[in-house]
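One structure below.
The values are calculated or read from the model by the stated rules, or taken from the named source; none is laboratory data. For clarity, every value in this text was computed on a predicted model and none was experimentally measured. No Cβ is skipped: glycine too gets one built from the backbone with ideal geometry, and neighbour counts run over all protein chains shown.
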């Protein structure tokens, strides 16, 4: 892997989803760092300095983890990670209007409904990186 690969932090507690996205994003030349829990994601964001983050909102894998909600995790990340200004794409099963409104208020780039449409994720990742992460919170 050459040094210029853009790094994506992928946070999803569902292993099947995570592995499928890791493979697809990796095949597009991205370096993918993945995490299943909020605390692991926070550690990865601090150490790996991602260029973009794909975030699931429900992280149920560890009942002892206080950061099982994606928005809570995002708040912690923005407080604790230096230069945490990378674009964020929320990838969730519950992309409701309420989620979209909160995402927009939080400066999230886009909210994607989990649908298995990997091309939509790849397109949104590319657009977010090209736009430099300017928040649109467009539901796509």
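Scanning segment 102-140 for residues that are at pLDDT 90 or above, out of contact with any helix residue (DSSP H, G or I) (no Cβ under 8 Å at 6 or more places or on another chain) and assigned to a loop (DSSP other than H, G, I, E, B) yields a total of 1. Take segment 69-86 and flag every residue that is farther than 19 Å from residue 58 by Cα and in contact with a strand residue (DSSP E or B) (Cβ under 7 Å, 6 or more places away or on another chain). Selection gives 86 alone.
If you scan segment 10-20, which residues turn out to be more than 15 Å from residue 93 (Cα to Cα) and in contact (Cβ under 8 Å) with a residue 60 or more places away in the chain? Of everything in segment 10-20, just one residue is more than 15 Å from residue 93 (Cα to Cα) and in contact (Cβ under 8 Å) with a residue 60 or more places away in the chain, namely 20. Condition first: over 21 Å from residue 17 (Cα atoms) and over 15 Å from the mean Cα position of the chain (by Cα). Now tell me which residues in segment 96-118 satisfy that. Those that are over 21 Å from residue 17 (Cα atoms) and over 15 Å from the mean Cα position of the chain (by Cα): 97, 98, 101, 102, 105.
Considering the conditions (1) touching a strand residue (DSSP E or B) at 6+ places or on another chain (Cβ under 8 Å); (2) more than 16 Å from residue 9 (Cα to Cα); (3) not in a helix (DSSP H, G or I), residue 99 is excluded by exactly one of them, (3).
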